[in-house]
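Comments concern the structure below.
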Amino acid sequence: MSDRASAAVPVPDCEPPASVSPGEAFLFWLKLGFISFGGPAGQISIMHAELVERRRWISEKRFLHALNYCMLLPGPEAQQLATYIGWLLHRTWGGLMAGALFVLPSLFILIALSWIYIAFGNVPLVAGLFYGIKPAVTAIVLQAAHRIGSRALKNSALWGIAGASFVAIFALHLPFPAIVAGAALAGFIGGRIAPARFSAGGGHAGAASTATAALIGDDTPTPVHARFSWRRLAMVLTCGALLWVVPMGLLTASFGWNDTLTQMGWFFTKAALLTFGGAYAVLPYVYQGAVGHYGWLSPTQMIDGLALGETTPGPLIMVVAFVGFVGGYVAELFGPETRFLAGAVAAALVTWFTFLPSFLFILAGGPLVESTHDDLKFTAPLTAITAAVVGVILNLALFFGYHVLWPAGFEGAFDWPSALIALVAALALFRFRMNVIHVIAGCALLGLAARSIIG
């Protein structure tokens, strides 16, 4: 994809670049939507390299200040960061453009892949590829638990919260919102009794310091549109409420409260408000609802959907589009002849309700954040929630591992080829630190070979 900015004459580091045109911003955000692989860490690194170091649209300090705020919020922090910077550059429509373009390529790609999966999943070629992908996903989720745990569990108190959350969801089968609420309460109390144990700093470890002039620099005055006003806040909240109430009201009036589409809108609204700690943290909640309660898809399909989400650009939480597509397609919401349409509508619907809160958090809270340029810190409740997330993700890894290694249950045979593929994936991720997409691709080929040999 061509990029006019790449052909621009370099500006000396001592001088800020010229203003960014709407067309230039559009091309960049569109490009980012197609190359944003690697999860939130990779996506944030791409934005830092492009926006801070190369293009110098925003300074290091302002970039990290925005990032720290996004890390405090439920929802995909990389998409929220793109929305924030787009809003700073080009007002509300700039934030909407940046945030939407971060998501839309992934949505269209996932709709296409979901259709191929559900329509042709029993074809030997596709089945063989997914046979190898499932063990890789188990290793990827286990790595996520290790990655978050190594960063979050800094003392015995946080280890205790992680252990308690694992017991709560694994043994007691408590719902994910109850675990989040319990962890938040523990952090609230612990932050007052032992504040040192529940403090955590913000920042982005992968960002290098820069001292060059930027369009939005350390000392650049806050733009007029980014200054806080009660009138603007009321307008944003009113518009956000209407954007939720109107489609939810239309769904309820047209199909009824208990209809699949209406329940998807309501369920994924709740899921959007619980994504503290990244997409892996909310996956157990999505599983409990989409698989266990509503039956929109099977456990095996949930694993496959996570694999597709890992191999497409955009935030991993876009796996909800797969859940929506499969649920709408299988239920034949609009009749057997329009199953693709039903799946596509359901995928777009759940994407709308999942990402609407993220836009509101930025457009409503951004002016408050811009009122100070001091670094934001994680509060004690959020620190405790992050610790609890580790236990929840570990439970998810065990859940995936059970369904992959004992597909017929413990009374059935142990699937040793899947175990070998999972071991290979774990070695690639933990020992050799290979890219997730490369691991999935390699394991898919191993699965195809294994199915060809064992039949």
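The values are calculated or read from the model by the stated rules, or taken from the named source; none is laboratory data. Just so you know, these numbers come straight off a predicted model, no measurement behind them. Glycine also receives a Cβ, built like all others from the backbone with ideal geometry; neighbour counts cover every protein chain displayed. Protein only, heavy atoms only, side chains kept; ligands, DNA and RNA dropped before computing areas. Shrake-Rupley method; radii C 1.70, N 1.55, O 1.52, S 1.80 Å.
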*Checking His293 against (1) surrounded by 23 or more Cβ atoms within 10 Å (Cβ to Cβ); (2) free of Cβ contacts under 8 Å to residues at least 60 places away in the same chain, the condition it does not meet*: (1)
*Inspect the range 311-323 for any residue being crowded, with 19+ Cβ neighbours inside 10 Å and farther than 22 Å from Leu356 by Cβ and give the result as yes or no.*
no
*asked:* One residue is enough: does the range 84-94 have a residue meeting the conditions open to solvent by less than 20 Å² (accessible area, probe 1.4 Å) and touching a Ser or Thr at 6+ places or on another chain (Cβ under 7 Å)?
replied: no
*Quick check: anything in the range 254-265 over 19 Å from Phe361 (Cα atoms), among the hydrophobic types (A, V, I, L, M, F, W, C) and in a loop (DSSP other than H, G, I, E, B)?*
yes
*Name the pairs whose Cβ atoms lie under 7 Å apart, with the first residue in the range 175-194 and within 23 Å of Ala290 (Cβ to Cβ) and assigned to a helix (DSSP H, G or I), the second open to solvent by less than 50 Å² (accessible area, probe 1.4 Å) and among the basic types (Lys, Arg), and 6 or more positions between them or separate chains?*
none
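The rows are residues; the columns are (1) surrounded by 15 or more Cβ atoms within 10 Å (Cβ to Cβ); (2) at pLDDT below 95.
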residue: Met235; (1), (2): no, no
residue: Val246; (1), (2): no, no
residue: Thr260; (1), (2): yes, no
residue: Pro284; (1), (2): yes, yes
residue: Thr300; (1), (2): yes, yes
_Scan of the range 108-124 for residues that are at pLDDT 85 or above and open to solvent by 10 Å² or more (accessible area, probe 1.4 Å), ordered by number_ = Phe108, Ile109, Ile111, Ala112, Leu113, Trp115, Ile116, Tyr117, Ile118, Ala119, Phe120
*asked:* Suppose we filter Ala384, Ala419 for residues that are open to solvent by less than 10 Å² (accessible area, probe 1.4 Å), in contact (Cβ under 8 Å) with a residue 60 or more places away in the chain and assigned to a helix (DSSP H, G or I); which single one remains?
replied: Ala384
*Confirm whether Ala344 is surrounded by 23 or more Cβ atoms within 10 Å (Cβ to Cβ) and among the small types (Gly, Ala, Ser).*
no
*Residue among Phe399, Phe410 that alone is under 25 Å from Leu174 (Cα atoms) and not in a helix (DSSP H, G or I)*: Phe410
*asked:* Of the residues Ala66, Ala127, only one is farther than 19 Å from Trp352 by Cβ, more than 16 Å from the chain's Cα centre (by Cα), surrounded by 21 or more Cβ atoms within 10 Å (Cβ to Cβ) and at pLDDT below 85; which?
replied: Ala66
